1. Given the pairs K330/K419; K185/K419; K104/K350, which span a C-alpha to C-alpha distance of over 32 angstrom in this model?
2. Just to check I understand the Karplus step: with θ = phi - 60° and J = 6.51 cos²θ - 1.76 cosθ + 1.60, what whole-Hz values come out for region 255-271, glycine and proline as x?
3. Per DSSP helix of 4 or more residues, -39500 (n - 2.57); summed, then divided by the residues of the chain. What does that give at 222 nm, rounded to the nearest 500?
4. Taking the Cβ of L206 as the centre, find all other residues whose Cβ is under 11 Å away and add up their charges (Lys, Arg: +1; Asp, Glu: -1).
5. What chymotrypsin sites (Phe, Trp or Tyr not before Pro) in region 327-426 are in a loop by DSSP, with at most 11 other Cβ atoms within 10 Å of the Cβ?
6. Ignoring trypsin sites (Lys or Arg not before Pro) that are buried or in helix or strand per DSSP, and keeping those with at most 10 other beta carbon atoms within 10 Å, what is the longest stretch of the chain between them?
7. What do you get for chymotrypsin sites (Phe, Trp or Tyr not before Pro) in region 245-325 restricted to DSSP loop and a cutoff of at most 14 other Cβ within 10 Å of the site's Cβ?
8. T243: net charge of surrounding residues, Cβ under 11 Å, Lys/Arg +1, Asp/Glu -1, itself excluded?
Amino acid sequence: MPKHLVVVFLFCFATHCFAQNPITKEKDSSRIARDSIKKAELLKNIGNGYLPIGPFNLDLRYLIKYNQFEGIRTGLGGLTNERFSKRYRINGYLVYGFLDERYKFSVGGGFRVNEASNTWINLSYTDDLQETGSSTFLTDKRFFTFFEPRLLNINLFHRHITKSIGLQHKISNHLLSETQFSNSKVNPTYNYNFVLDNNTYNSFNLSTAKISLQWSPFSRFDIKDDRVVETKNAYPKFTLQVTQGFKSVFGSDFNFSKLDFRTVQQFEHKNDAITNITLVAGIAGGEAPLTHLYHAYPNNINKETILQRFSVAGLNSFETMFFNEFFSDKFATFQFKHFFSPFKISEWFKPQLVLISRYALGDMNSINRHQGISFDTLNHLYSESGFEINKILFGFGLSFAYRYGAYHLPNLEDNIAFKFTFNISL
């Protein structure tokens, strides 16, 4: 296990005790009910990664993190809530990386155009790092975990200064949309040159337009307190995103286009077991630099022995795939997870077995454009399977995965990933 691996995510939550006065039982019952609602709302906010402080929600994502490039990354961030305004919002953060000795920040805001369709216009200015080859969807709901396992091992980042304007709009309860136009100055932190038409770029400007759609056709929605809320989170779910880069617009250097797709299906069985299937695919065409292409979410450290590679398993990552081993301009991944019903050994000890299989396929045209960094492509099917035993002690568990098929490595132990897991929920 690397000496510089730091796991410092400890969150404590206070609970309240309520005393009962037999003389005023009815008043106390009302008070207890109100306090219970407030407590549930607080836990919901914390579960979403926020700690409400008056008109401001402190964003727990920025308190402390760790990665191979920044080391410990810590700071503060958040956004205003409805106690500040129901029509306007302000958000931002300021963080510092102790290893690269740099501040990163973002400041932005938005105003609501239409309440019924939850239509917002958002603006932001960001100076930060982004993992090379990562791809996210604008319409993804806020995703927060107390611990981001894969982040610990990432070492390939590019700096970007991005100015953006976006439109967030609910077409219907089942169909969400978000559109964004942005201009970015991109500077890889590693040795990389993008060769195009006898020109070499080690930094570049990009102007892009994105439109993202998220469709949940089988979810159920009801009106509560004059608001539409999701009362049944049903599957399958579909997400589609189109990205277009424009050359010569606000100094942009390249023309390129991307199409990203994801679908998630989940089956809930009578014995409390769950089967989850996820398909993710993407294709990029034109003059796209490596920063805006794809990896397959690897999560294996480039160390020699199994014990040196012992770290934390991710949620949806390839545990046996080494970081920066593969990049693609077109790829697809398929993941199968089966969660068995927890073993109820005691009230506090309920470990859960999960069977996992993952597959990836990809390719890259014009690989010679990308110089200074060596990598392979996923022309053949990448395969790994394994299992997890979660929640053995205080949310911690163990993970085992084995790499086989076309990309099986000659040294047996290089195909094995043995890690621990961390799962906790409110």
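Read the figures in this text as sums done on the coordinates, not as results from a lab. Being a predicted model, the structure only gives us computed values, none of them experimental. Ideal geometry is used to build each Cβ from the backbone, glycine not excepted, and the neighbour counts take in all protein chains shown.
1. From the list (K330/K419; K185/K419; K104/K350), the Cα-Cα distance tops 32 Å for K185/K419; K104/K350.
2. My calculation for region 255-271 gives 9, 7, 9, 9, 10, 10, 9, 8, 9, 10, 10, 9, 10, 9, 9, 5, 8 Hz in order.
3. Taking each H run of at least 4 residues, the total per residue is -2000 deg cm²/dmol.
4. After counting each charged neighbour, the total is 0.
5. W348, F394
6. 143-269
7. F250
8. For residues surrounding T243, the net value is +1.
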